[in-house]
Structures are given as structure tokens and as C-alpha cells.
1. Taking GLN43 as the residue in question, decide whether it is surrounded by 15 or more Cβ atoms within 10 Å (Cβ to Cβ) and under 17 Å from the mean Cα position of the chain (by Cα).
2. Here is a check on your reading of the model: is GLY156 assigned to a loop (DSSP other than H, G, I, E, B) and within 24 Å of TYR226 (Cα to Cα)?
3. Across the range 168-193, what is the number of residues that are without any contact (Cβ under 8 Å) to a residue 60 or more places away in the chain and either touching a helix residue (DSSP H, G or I) at 6+ places or on another chain (Cβ under 8 Å) or in a helix (DSSP H, G or I) (or both)?
4. For the range 194-258, please list each of the helices (runs of 4 or more DSSP H) lying entirely inside it that holds at least 2 residues being crowded, with 17+ Cβ neighbours inside 10 Å.
5. Suppose we filter the range 155-171 for residues that are of a type in the set (Val, Ile, Thr) and exposed (fewer than 12 other Cβ atoms within 10 Å of the Cβ); how many remain?
6. Out of the residues in the range 2-23 that are part of a loop (DSSP other than H, G, I, E, B) and under 18 Å from the mean Cα position of the chain (by Cα), which is surrounded by the fewest Cβ atoms within 10 Å (Cβ to Cβ)?
7. Take the residues in the range 172-193 that are within 18 Å of VAL129 (Cβ to Cβ) and among the aromatic types (Phe, Trp, Tyr); name whichever of them is surrounded by the most Cβ atoms within 10 Å (Cβ to Cβ).
Amino acid sequence: MKDIVLYCKSYRKDFLRLKRLLESIQRYNVDQILFYISTPEDQHEDLIHMIGSSGYQWVSDQSIIAANPNVPPGIEKNRSGGQTQQVIKSEFWRLGLCENYVCLDSDCLFIKDFTRSDFLAVDGTPYTVIYQNKEYFQLAVNRGHPKAPRSLQIEGDRVKALFERVGPTYYCHCPPFIWSAKVWASLELNYLAPRGLTFWDICTPEQPETHLYLEALLNFRAIPLYPIEQLMRVYYYDWHYYLLRRMGETTTKLKANYLGVIFQSSWDLGMDYGRSQKSFLSQSLKRLKRFGRYLQSFI
């Protein structure tokens, strides 16, 4: 069992982004940390066709789901794609391949050398990315986008209430996440099992896996808390990207504080694989709105 690995759960639409991520890992992975990718079984051949078969280890999404003996076979067939993706990422630890894993999304991109010490403390404890996100919340309010931070605040408060914890609400809603198998196991032992629940019962878009991990750590203390800030610069929305670029931010300058950068796929659609399912009118309207937000960045 490895002390730490890299892991990304992906699917066909994101394979172009995944190829870019893999290339950045191959370039900057100084310690040659193993990289695992999971996809649905029926997309494995497409994965190989798109990114090849070297530089990573593949496991199927189905094998991760099946690793939980308390989950009925085929449970994912009756759940949304978003929930299924959240659960699969969170249940990767059940395969017994590692003690800790850096959970990446396909839209992550490393921009400089990284080593095990970026993710693990000297005693082998994984760092925990945890923060209150005040800088982004204030920036969103300043720029007239209060809805985005408010939805995150509601999510955080909801999960905090689930554990009856009183105090500040903490966040780590964008990858990379550094997750410990001990923390996930403590959630199973101390919260799910006594209530006859599985992770599928509590992990939903309204109660995301990121908050559940942090609350499990804060409540059950399976590992010491060594807090760090975000490992990659995240551009949450196009207006966020345009504004920071207008202020002089570049990929080269980001290397002073970040290991990488994320252009979230929810707005950066240029690397979607395959034909868009949206109508020409819908796509045109989206481009027009984006251009408006670009102009707004000058104000």
C-alpha cells in the first residue's frame, strides 16, 4: 500500500482535459507518484484511444462502487451522474491501494515541479486543504455576483448542521483534495454504520463530499489537522478569470504560490470532447453573455 497516490475520476466528455492533466503530471511529477484514473468500464477503450495507456494505472468506476460491501449492486443506475461522481471519488480509498490520495479533477493542470512533501507532512500525515474562502466571497460581492458564494455558504452550513458542529464554516470545494483513508473510514465507523447508512445516503449535490470530508476530520479527528491553503489557483467563473487576468495575473506569476491552475469545465467549454448537445441559439447566447462579462472586467 502506497502512502500517497494521485487519482482522477474522469469520463468521456473530459478526456481532452485529462490528456492535458496527464501530460503535466508526466512533466512535473518529481517523485514519480503513482497516478490512477478511473472511468466507466464502457469508456476504457475511448480513454486509451484518446490518451494512450502509459503514465497511469486504470481502475473502473464499477470496481470502486463494488468495494463497498454495504451497497447494493447497480446502485449508480438510479442516481444522478453528479452524485455518482462525488461518491466514486470519495470511495476510491476502499480499493486499499493507498493510505492517502490527491484527488484531482480532469480540469486540473500542474504548472511546476511537485513532490510528496507538497502533500504529506514530515510524520507522514497528509496536509488538509481548509479555509474560510473570504477572499473569493468578498470579490464576488464586490463584482456583483453574490449568488455564487451564498450557495457555497448554504452547503457548508447544511453539512456542519448534519454533524451538529458549532463554529466557523470551512471550505475546500475545489481540487486538488488531499484525502486520508483514515478520515473516510472514521466517517463510516462513527457516523454511517451506527445509523445504518452508506455514503450514498448522505453525499448529494446539496451535501457535497468535500464538506463531508472536512466535517468528518473536524469531528472524529482520525488524523492531526495540518492546514494548508489551495494548491492550485481556481478560476471559478469566467468573470473571475477575466478580472484576475486584467489585474496582471499570468500562469508564470502563479508559480510563486501555486502548483497548478484550474479553468473550471463548467464555464471553460473549449476542451469538451464531442459535439455539444445544446442548440445553436443556446450556444450563441452563452458566448454573448461571456463577452459581456469580459467587458465588465474593465470596469
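Bear in mind that the values in this text are calculations on the coordinates, not laboratory data. Computed from a prediction, not measured in an experiment: that's the story for all the values here. As a convention, Cβ positions derive from the backbone with ideal geometry for all residues, glycine included, and neighbour counts pool all protein chains shown.
1. So GLN43 fails the test.
2. Spelling it out, it is not the case that GLY156 is assigned to a loop (DSSP other than H, G, I, E, B) and within 24 Å of TYR226 (Cα to Cα).
3. Residues meeting the conditions: 14.
4. 199-202, 209-220, 238-246
5. Residues flagged as of a type in the set (Val, Ile, Thr) and exposed (fewer than 12 other Cβ atoms within 10 Å of the Cβ) within the range 155-171 amount to 1.
6. Going through the qualifying residues, I end up with TYR11.
7. Across the range 172-193, the extreme among qualifying residues is TRP179.
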